[in-house]
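Asker: A single structure is presented below for examination.
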Amino acid sequence: MSYDESPQPARGRSGRRKLTVAVAVLVPTAAAGWLVWQGMSGPDGGPTPASAAGVAASASTATTPSAAATARPRTGDAQADDVPGGTVPAGPLAGKVLVIDPGHNPRNRDHTAEINKPVNIGATSKECDTTGTSTEAGYPEAEFTLDVSHRLRDLLRKEGAKVTFTHDDERPYGPCVDERARIGNTAKADAAISVHADGSAPGNRGFHVILPALVKGGGADTTAIVGPSRDLGEHIVGTFGRETGSAPANYLGEGTGLDVRGDLGGLNLSTAPKVFIECGNMRDSSDAELLTDAKWRQKAAQGLADGIRGFLKK
């Protein structure tokens, strides 16, 4: 996931774009126009023990994606399904509500004071959010998670699902991990998924799905979601591996591709079945080559969509 707070390779802000919108207002006697410029720029909890050990290690150089590969569409309201006309196409997931939680935020790094403030995650507290990790070449996890999340959203919508994002790069930072959980709860989601990539040591490869542990106390109670979340996670492990060709992580989960954690507010506070997916290790050069490949990211999104569909249609 990575909640890696170690110094990351510097990167420019060339990914930030400006959108020019011209608005003309007509009145009975004359027409006036003006131009509006809007600047647009492109898991919770600490890392696993393996991740903590790995962030200090150097990794091989990874391929940096081209601008075309990382470009992504923008939406207005990150928390609403903005299907044109307000309609959702008919399909096998018609009537289902899904929440996608793109891990981190590209601008968290500019708001360290805000994201370091603790929030309640149940029996304890944790920082609001973290910056996430990046490849050695500087491709940020927060950019990766948004790209995969957009691809996943499009696939799920085509099958008739109503899709809600926790954010869509429209905020200066965050949202905090407790708010991410609340968005899914308020939406009454049938399932929720938080998209991430890990920041472990070079040589640690593969993907894994994080499941909620049984947590009760301080406003958290995962009793009702532990079972269905495991079911969701097991479906995703199978379909994600099949679509991407990636193997389950070789550094945790004993080859199952599953990891259970009780220290993540996004899971502890959820009332909907929810999992986190760590799509690969950004600090390993071989995994980074996959994560920075747009075609592979499309396969990753397809694997996630197939797993979610299998869980909902079982």
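One line per residue, one yes/no per condition, for (1) acidic (D, E); (2) closer than 15 Å to K274 by Cβ; (3) at pLDDT below 95; (4) buried (at least 23 other Cβ atoms within 10 Å of the Cβ):
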| residue | (1), (2), (3), (4) |
| --- | --- |
| F144 | no, no, no, yes |
| S149 | no, yes, no, yes |
| R153 | no, no, no, yes |
| K158 | no, no, no, no |
| T166 | no, yes, no, yes |
| D169 | yes, no, no, no |
| Y173 | no, no, no, no |
| V177 | no, yes, no, yes |
| K188 | no, yes, no, no |
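Asker: What single numbered condition from (1) charged (D, E, K, R); (2) crowded, with 20+ Cβ neighbours inside 10 Å; (3) within 28 Å of R283 (Cα to Cα) fails to hold for K162?
Answerer: Unmet for K162, out of (1) charged (D, E, K, R); (2) crowded, with 20+ Cβ neighbours inside 10 Å; (3) within 28 Å of R283 (Cα to Cα): (3).
Asker: Would you check if G265 is touching a Gly at 6+ places or on another chain (Cβ under 8 Å), modelled with pLDDT of 95 or more and of a type outside the set (F, W, Y)? Can you show your working first?
Answerer: Details: touching a Gly at 6+ places or on another chain (Cβ under 8 Å): yes; modelled with pLDDT of 95 or more: yes; of a type outside the set (F, W, Y): yes.
Considered against the rule, which asks whether it is touching a Gly at 6+ places or on another chain (Cβ under 8 Å), modelled with pLDDT of 95 or more and of a type outside the set (F, W, Y), G265 comes out as yes.
Asker: Scan the stretch 101-142 residue by residue and report those that are open to solvent by 50 Å² or more (accessible area, probe 1.4 Å) and assigned to a helix (DSSP H, G or I).
Answerer: Across the stretch 101-142, the qualifying residues are R109, D110, T112, A113, E114.
Asker: For residues that are open to solvent by less than 10 Å² (accessible area, probe 1.4 Å), closer than 23 Å to T135 by Cβ and not in a loop (DSSP other than H, G, I, E, B), tally how many sit in the stretch 239-286.
Answerer: The qualifying residues number 7.
The values are calculated or read from the model by the stated rules, or taken from the named source; none is laboratory data. It should be emphasised that the depicted structure is a prediction, and the values quoted were computed from it without experimental measurement. Glycine also receives a Cβ, built like all others from the backbone with ideal geometry; neighbour counts cover every protein chain displayed. We work out accessible area using only protein heavy atoms, side chains counted, and drop any ligands, DNA or RNA first. Shrake-Rupley method; radii C 1.70, N 1.55, O 1.52, S 1.80 Å.
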